[in-house]
Amino acid sequence: MSGVDLSIDGAVATLRLDNPDKLNAFTPDMLAQLDQHCATLERERSVRCVIVAAQPAKAFCAGADIIAWGALSPFDFARHWVRDGHRIFDRLARLSHPTIAAIGAHAFGGGLELATACDIRVMAPRATLALPETQVGIVPGWSGTQRLTRLLPEPVVKEMALFGRRLSAERACALGFAAEVSDDPEATARAMAGKLAGTSPMATEVAKYQIHAAVGEDRSAMIEALGGAMIGASADKAEGVDAFANKRTPEFPGR
Ligand code: COA
């Protein structure tokens, strides 16, 4: 049985791909579970950091399950595979908590797109990144030509998507895509998560909103969320709500 497990240990949540016999390839069940876990995490204020990891296998994730999507009709493929995958990876990318992908082995196709949806990445030295979709007659569908092209130079994404070249951990780190190369990416990710204890949860969340607004990740919602947080703390908002509830004309203090 394939799945994505969610465990919460103190302030650190871990999402772990669990389909090692198929190199952690993403099945429809795994997508649905990731969606549910993101919904849980969105309401979980005790968590300071989310680590995305995988059961040990030759690949962190060898991409979307070729047998599963290969059986879909063209429109089901578009509706329930590409668009659902997009929506769910967007949900992960837009969590208010900082996220770290601990890439212990190869991340191909959807596996690379999953790691790209995290805030930062730590890679094992032997892990490589690839977009092999054209080798199976399709194109990247879960943001490999979009979000990934924001994080890596366009020619590098073309090397991968058009020429099938793999990106080494060392090169990914030199290009800034990976924050660090580590023999134990999950331990390194946990050490990084521990450092968040000394930072303000609210300031961290707002900084993530600002950066997402700058790069166009959910920009319109990020701008309105920043405005909402600012006005939500004002005396004017308190007065407006109180006046409405008490059926009187508001007297806004302007602060
Ligand atoms: N979807 C479904 N099953 C997959 C898979 C995928 N994306 N990637 C690997 N698997 C399965 C294999 O079919 C195999 O299953 P089996 O043991 O029942 O035969 C098992 O995982 C192990 O993979 P295998 O190919 O035997 O390992 P390998 O070490 O020879 O090769 C890869 C590793 C990653 C190079 C190779 O599995 C591969 O190219 N996978 C597909 C990558 C891809 O195209 N991803 C994008 C998909 S859109």
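All of the numbers you see were taken from the coordinates with simple rules; none came from a lab. Bear in mind that the values here come from a model prediction, so they are computed numbers and not experimental data. Don't worry about glycine lacking a Cβ; one is built from the backbone with ideal geometry, like all the others, and counts go over all protein chains shown.
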Straight-distance crosslink candidates among aspartates and glutamates, where the alpha carbon sits under 17 Å from K58 and sequence neighbours closer than 8 are dropped
D18, D21, D183, D184, E186
In whole Å, largest first, the alpha carbons of segment 82-186 cover along the principal axes 34, 32, 21
Find the eigenvalues of the gyration tensor of the Cα atoms of segment 1-115, then list the square roots of 5 times those eigenvalues as equivalent ellipsoid semi-axes, largest first, in whole angstrom.
23, 17, 11
Toward the positive end of the charge dipole of the chain, about the Cα centre and with charges on Cβ (Lys, Arg +1; Asp, Glu -1), which of C118, V156, F60 goes farthest?
V156
Pairs of alpha carbons in segment 65-134 whose separation is greater than 15 Å (percent)
60
Label-point separation (nm) for F252 and I66, each offset 7 Å from Cα along Cα-to-Cβ?
6.0
Mean separation of Cα contacts under 8 Å (6+ apart) over length of segment 1-159, as relative contact order %
21
Given segment 202-241 reduced to its alpha-carbon atoms as identical point scatterers, what log10 I(q)/I(0) does the Debye formula return at q = 0.17, 0.19, 0.31 Å⁻¹?
-0.47, -0.55, -0.95
Quick one: Karplus J couplings for segment 83-90, per residue in order, coefficients 6.51, -1.76, 1.60, θ = phi - 60°, nearest Hz, x for Gly and Pro?
6, 5, x, 4, 4, 6, 5, 4
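I need the fraction of alpha carbon pairs in segment 145-199 separated by more than 16 Å, rounded to a whole percent.
54
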Those lysines that a straight Cα-Cα span of less than 23 Å connects to K247, excepting residues fewer than 8 apart in one chain:
K237
Suppose every K and R has +1 on its Cβ and every D and E has -1 on its Cβ; what is the size of the dipole of the chain about the Cα centre, in Debye to the nearest 20?
340
Sort all Cα-Cα distances of the chain into consecutive 5 angstrom bins from zero, then give the percent of pairs in each bin up to the one containing the longest distance.
1, 6, 12, 17, 18, 16, 11, 6, 4, 3, 3, 2, 1, 0
Using the C-alpha atoms of segment 176-237, what convex hull volume per residue, in cubic angstrom, is computed?
100
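Quick check: residue separation of K237 and I120 times 0.36 nm, minus the Cα distance between them. What number comes out in nm?
The span from K237 to I120 would gain 38.5 nm if fully extended.
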Label-to-label distance, nm, for residues given as I8 and A39 (7 Å Cα→Cβ offset)
1.6
Give the Rg (one decimal place) followed by the Dmax (whole number) of segment 119-255, computed from C-alpha coordinates and expressed in Å.
22.2, 67
Residue-averaged [θ]222 nm for the chain, counting only DSSP H segments that reach four residues, each worth -39500 (n - 2.57)
-12500 deg cm²/dmol
Relative contact order, percent, segment 77-154 [alpha-carbon distance under 8 Å, six or more residues apart]:
33
